[in-house]
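Below is one structure, written out as structure tokens; comments come after it.
The values are calculated or read from the model by the stated rules, or taken from the named source; none is laboratory data. Because the structure is predicted, anything quoted here is derived from the model rather than measured. All Cβ positions, even for glycine, are placed from backbone atoms using ideal geometry, and neighbour counts span all protein chains on display. We work out accessible area using only protein heavy atoms, side chains counted, and drop any ligands, DNA or RNA first. Shrake-Rupley method; radii C 1.70, N 1.55, O 1.52, S 1.80 Å.
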Amino acid sequence: MDRPDVTRAKAAATSVAASLGLRASDATVLHNSNKLALRLTPCDVFARVAPVGQEVARFEVELARRLAEVGGPVCPLEPRVDPRVYTRDGFAVTLWTYHAPVTPHLSPADYAGALERLHAGMRRLDMPSPHFTDRITEAEEVVADPERSPELADADRVFLGGRLAGLRRAIEERGAVEQLLHGEPHPGNVLGTRDGPLFIDLETCCRGPVEFDLAHVPEAVSAHYPHIDRDLLDDCRQLVLAMVAAWRWEVGDQFPNGRFFREEFPRVLRDGPPWPTLDTMNDRLAGP
């Protein structure tokens with residue numbers, strides 16, 4: 001969000017909290033992209049704020065509630081208020097339990113174990129959800145439409161479109177078992193807490209092979225996850241790089257450091273294997 005929207009979003013979140021009897025005199029930005037993550041104090045609530053119209057927030061709240069019931073390692077909703085989406089001044093606000101970080105880094109084994117437990121809990125739920133190929137379609141539509149991606153060079157447009165289509169076919173032809181997934185369980189969406197690793201940002205949930213989720217985690221984490229199809233994981237890692245690159249070219253994209261991702265990811269895909277993980281690419285962005 002840009003600065004004026006951030007100001008309005010913070011005001012909306014604190015207003016919602018106050019109307020529910022939660023003292024919220026300050027809102028600290030924890031993460032800002034197309035949505036805002038805030039810590040409200042002194043009530044110590046984690047708030048997620050997005051423009052109204054993103055109905056996926058209701059799905060996220062219901063999924064979090066049901067996963068908590070089956071013991072899934074997810075950040076719980078704020079227990080002092082009703083578990084639902086609140087609207088204020090054009091924003092949808094959801095309220096969650098704030099967990100202060102207790103470790104700077106999760107061990108790969110703990111991270112993998114938490115993801116395995118999350119997947120086990122998700123297999124117990126019967127919820128309609130998008131398919132991971134819907135996200136491929138979204139990326140293909142950005143690449144195919146010059147009005148949505150006017151700065152994308154023709155050669156890159158052809159390359160990304162072809163790679164997305166080819167990876168879709170390759171993954172579908174493997175016929176892997178599919179289930180409900182987190183969708184983006186990268187390190188930014190897992191918290192190290194006193195209760196162990198907890199996953200956040202469930203709005204990206206979709207159905208697909210577990211290797212699609214594992215394509216978002218560090219190599220050391222996937223090494224601890226049992227029974228992986230390594231060839232399928234390689235395909236999914238390429239797919240994630242291609243989709244992220246496509247989304248960064250869309251007009252109005254506000255993802256931090258978007259230019260790096262939209263330019264560097266196609267270059268990496270052209271270079272060939274071994275396919276880097278997202279955290280490896282983030283490390284390259286950070287530099288030495």
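Quick look at the numbers
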read-out	value
Computed P(r) (all Cα pairs; segment 220-288; 10 Å bins; percent)	18, 48, 27, 6
Percent accessible area from carbon and sulfur atoms, segment 108-286, protein chains only, probe 1.4 Å	49
GluC sites (Glu not before Pro) restricted to DSSP loop in segment 169-253 with at most 14 other C-beta within 10 Å	GLU178
Cα centre as origin, Lys/Arg/Asp/Glu Cβ charges: the chain dipole, Debye	760
37 °C / 0.692 mPa s Stokes-Einstein diffusion coefficient of the chain, Kirkwood radius on C-alpha pairs, µm²/s	165
Using alpha carbons only: equivalent-ellipsoid semi-axes of segment 95-215, gyration tensor based, whole Å	31, 18, 13
Residue with peak Gaussian network fluctuation, the chain [Cα springs, cutoff 10 Å], from ASP213, ASP126, ASP156	ASP126
Placed amide H near ARG23: partners under 5 Å, 5+ positions off or other chain	CYS43
Lys/Arg +1, Asp/Glu -1 at C-beta; the chain dipole; positive extreme among MET122, LEU77, LEU164	LEU77
Structure-based [θ]222 nm, the chain - -39500 (n - 2.57) summed over DSSP H runs of at least 4, per residue, nearest 500	-14500 deg cm²/dmol
Solvent-accessible heavy-atom area per residue, rounded to whole Å², over the chain at 1.4 Å	47
LEU30 long-range amide H proximity, modeled H, under 5 Å	ALA37, LEU38, ARG39
HN-Hα J in Hz across segment 188-202 - Karplus 6.51, -1.76, 1.60, θ = phi - 60°, x for Gly and Pro	x, 10, 10, 9, x, 10, 5, 8, x, x, 10, 8, 10, 6, 7
Per-residue ³J(HN,Hα) for segment 76-81, Karplus 6.51 cos²θ - 1.76 cosθ + 1.60, θ = phi - 60°, Hz, x for Gly and Pro	x, 5, 5, x, 7, 9
